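Peer 1: I have a structure I would like to understand better, so I am pasting it below and will then ask my questions one at a time.
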């Protein structure tokens, strides 16, 4: 166990526990807040792994934008305050979900850990080694060169994707969805009020 | 110095927890939280694979940044659909069977079609009564 190992185990334990609480808590709003803790400590995991840029982008985009969007969505859908049992599926389905999740974890772990697990990576000398070009893909200048060199067309496509997602969200939120009975109810309600 | 099996194991754990979250929740926003956890597990695996030495063509951090951007775009559209479902049905319970009779002609733009009385009346009374019935139905069901 090296120092980075110990730090990663601590931060990773926080990540795993808060992720587990985010999917098991009975409070709807607490799930979003535990997701915030999980994503924030995952940014810490990235920083321990030596990827400061990915960690900071994770903090900015996930913690700063996505969790806020999720909280807004919970607010706009009138999320109930307090513990609710109705937000979970029945017990047999949760048991199946536990089995499937554990099986998926075991499957990915048995696939990935023999490939990656035996390696001991020296991240502390990374800055010096990057100057020599041996691990140039791992530092921030290396990432910048890769994005605006090799990956420049996918990068441009991503900006188009963000624009399409923006317009698509506007278009979807302008639709009116509902059954005919709901619309009749609304029309009579509008007639009464008008 | 770091052993890579810790982040690899954490990535597997996050994917498993996210799968449980997708399968065990009925609230649509909480299902999306599970999807986010799965995406983050994949992201952590990309970063872990990208931090191996001696792989000059590995693009793990770059792909991780791309995945973060795609996740942001995905959740914007997904939450718009969830809000549309809440306005239409009054609940976001994914296991409840919705009343879809006449749904094919019910999906429309508010001002684009429909009878002219709808357009001439304006939106405000319909919207207020709609929100009132929505809140009534939301009190009965899962928020």
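Peer 1: Taking the condition of being touching a helix residue (DSSP H, G or I) at 6+ places or on another chain (Cβ under 9 Å) and either closer than 16 Å to residue B:23 by Cβ or not assigned by TED's automatic domain parsing to the domain that holds residue A:33 (or both), how many residues in the range A:67-94 meet it?
Peer 2: 5
Peer 1: Taking residue A:109 as the residue in question, decide whether it is facing another protein chain (nearest Cβ under 9 Å), outside any helix (DSSP H, G or I) and buried (at least 16 other Cβ atoms within 10 Å of the Cβ).
Peer 2: For residue A:109, the condition - facing another protein chain (nearest Cβ under 9 Å), outside any helix (DSSP H, G or I) and buried (at least 16 other Cβ atoms within 10 Å of the Cβ) - is not met.
Peer 1: Another one. Give, as residue ranges, the helices (runs of 4 or more DSSP H) completely inside the range B:29-143 that count at least 2 residues that are modelled with pLDDT of 55 or more and over 30 Å from residue A:46 (Cα atoms).
Peer 2: B:60-89
The values are calculated or read from the model by the stated rules, or taken from the named source; none is laboratory data. Computed from a predicted model, the values in this text were never measured in an experiment. Ideal geometry is used to build each Cβ from the backbone, glycine not excepted, and the neighbour counts take in all protein chains shown.
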